[in-house]
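I have placed the structure first, in the form of structure tokens, so that the comments after it can refer back to it.
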Amino acid sequence: MFHIDTGKVVPICCKPPRYGPHERRVILNLVDKLDSKGIVKDDEGPWGSQIVLASKQNQDHVHWSSFVFCLCVSYRNLNAITRPFTFPVTRCDDAVEGIGDAKFFLTMDYDAGYWQVSMDQSSKEKTAFFTPDGKKHFNVMPMGATNAHPAFVAMATKFKERWNLLYDERLKRLKDANWDWLRETLEGQLKTIAHTKEKVDQETLHTVQEALKEAKESMTDRN
């Protein structure tokens, strides 16, 4: 649960921006997609930030009217009054060394990782942003907010700790890992995430199932 701690500061709000015709079409299209997925919702609070469109890379050969954009929100003013939260982020080389001499290991890539984290109810209105015809706020942790990155790393770290503890307890009772148990346990955890309305879709779950099947066959081939 992501919380934005602004203390007793009076709500801040930027001046509602003006958008050009093309910007308007692009923004409304992107916002509608987020709204249809339940990621954003109409807002009636006193907070408000501005949308910034960021074009994706390698579009030099594309006409500007066909550019693909990412919808970003400038939380500069909100971040300036947010109490910071720090959490150690593992270095890439330390993560590689942490694998040690293991011959097999699992990795997991979250689909839109930040949106896996739900928002504290009192913090939702603080993420509000202006659209061409209204205002929305995020129901999940937005990108660009102070503390979003360390909060996500903390969540992933806790998941790793719980998984390792579960795996170690299993190994204490058996001489080796059982791939059927491994598959059933991981799939069970993913279904639990999906049941709590986190953004793990059936395609992702199917991909994990296929990956575990391949890993099991590889272990069988190598005895």
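LYS103 is checked against (1) assigned to a loop (DSSP other than H, G, I, E, B); (2) at pLDDT 90 or above and fails just one. What number does that condition carry?
The failed condition is (2).
(1) farther than 23 Å from LEU28 by Cα; (2) of a type in the set (Val, Ile, Thr); (3) open to solvent by less than 50 Å² (accessible area, probe 1.4 Å): which one isn't true of THR86, the others all being true?
(3)
From MET141, MET108, MET119, which residue is within 21 Å of the chain's Cα centre (by Cα), open to solvent by 50 Å² or more (accessible area, probe 1.4 Å) and within 30 Å of ASP32 (Cβ to Cβ)? Reasoning before the result, please.
On the way: MET141 fails: open to solvent by 50 Å² or more (accessible area, probe 1.4 Å); MET119 fails: open to solvent by 50 Å² or more (accessible area, probe 1.4 Å).
Answer to the selection: MET108.
Could you please find all residues in region 18-40 being exposed (fewer than 14 other Cβ atoms within 10 Å of the Cβ) and outside any helix (DSSP H, G or I)?
Matches in region 18-40: ARG18, GLY20, LYS37, GLY38.
Out of all the residues in region 144-172, which are within 27 Å of LEU53 (Cβ to Cβ) and either among the basic types (Lys, Arg) or in a helix (DSSP H, G or I) (or both)? First the steps, then the outcome.
Restricting attention to region 144-172, the residues satisfying the condition of being within 27 Å of LEU53 (Cβ to Cβ) are 144-152.
Result: ALA148, HIS149, PRO150, ALA151, PHE152.
Scan region 45-63 residue by residue and report those that are in contact (Cβ under 8 Å) with a residue 12 or more places away in the chain and either among the hydrophobic types (A, V, I, L, M, F, W, C) or under 24 Å from SER122 (Cβ atoms) (or both). Outline the logic, then answer.
First pass over region 45-63, keeping only residues in contact (Cβ under 8 Å) with a residue 12 or more places away in the chain: 45-56.
The answer is GLY45, PRO46, TRP47, GLY48, SER49, GLN50, ILE51, VAL52, LEU53, ALA54.
For the subset of region 47-83 comprising residues that are in a helix (DSSP H, G or I) and more than 21 Å from the chain's Cα centre (by Cα), which member is farthest from PRO132 (Cα to Cα)? Before the answer, list the steps.
As a first pass, look at region 47-83 and keep what is in a helix (DSSP H, G or I): 64-66, 76-80.
Imposing the further condition that a residue be more than 21 Å from the chain's Cα centre (by Cα) reduces the set to 64-66, 77, 80.
Working: TRP64: 20, SER65: 18, SER66: 20, ASN77: 20, ALA80: 25 Å.
By that ranking, first place goes to ALA80.
Any residue in region 47-56 that is of a type in the set (Val, Ile, Thr), open to solvent by less than 100 Å² (accessible area, probe 1.4 Å) and within 22 Å of VAL140 (Cβ to Cβ)? Full working, then the answer.
Kept after step one, since they are of a type in the set (Val, Ile, Thr), are these residues of region 47-56: 51-52.
Keeping just the survivors that are open to solvent by less than 100 Å² (accessible area, probe 1.4 Å) gives 51-52.
Then drop every residue that is not within 22 Å of VAL140 (Cβ to Cβ), which leaves 51-52.
Within region 47-56, one or more residues are of a type in the set (Val, Ile, Thr), open to solvent by less than 100 Å² (accessible area, probe 1.4 Å) and within 22 Å of VAL140 (Cβ to Cβ).
Can you pull out every residue in region 1-17 that is under 20 Å from the mean Cα position of the chain (by Cα) and not in a loop (DSSP other than H, G, I, E, B)? Spell out the reasoning first.
Taking region 1-17 first, the residues under 20 Å from the mean Cα position of the chain (by Cα) are 1-5.
Within region 1-17, PHE2 is the sole residue that qualifies.
Here are the criteria: (1) buried (at least 20 other Cβ atoms within 10 Å of the Cβ); (2) within 30 Å of GLY20 (Cβ to Cβ). Tell me which single one CYS72 does not satisfy.
Failed condition: (1).
Residues being aliphatic (A, V, I, L, M) and in contact with an Asp or Glu (Cβ under 7 Å, 6 or more places away or on another chain): count how many of those fall in region 64-96.
Our first condition is that a residue be aliphatic (A, V, I, L, M); within region 64-96, this holds for 68, 71, 73, 78, 80-81, 89, 95-96.
Adding the requirement that they be in contact with an Asp or Glu (Cβ under 7 Å, 6 or more places away or on another chain) leaves none.
Final tally of qualifying residues: 0.
If I filter region 57-69 down to residues being loosely packed, with under 15 Cβ neighbours inside 10 Å and among the hydrophobic types (A, V, I, L, M, F, W, C), which single residue comes out as modelled with the lowest pLDDT?
Of all residues in region 57-69, those loosely packed, with under 15 Cβ neighbours inside 10 Å come to 57-68.
Still in the list and also among the hydrophobic types (A, V, I, L, M, F, W, C): 62, 64, 67-68.
Numbers: VAL62: 76, TRP64: 68, PHE67: 79, VAL68: 82.
That would be TRP64.
The values are calculated or read from the model by the stated rules, or taken from the named source; none is laboratory data. In this text, all values refer to a predicted model and were calculated from it rather than measured experimentally. Virtual Cβ from ideal backbone geometry, glycine too; neighbours counted across all protein chains shown. All accessible areas refer to the heavy atoms of the entire protein, side chains included, with ligands and DNA or RNA removed. Shrake-Rupley method; radii C 1.70, N 1.55, O 1.52, S 1.80 Å.
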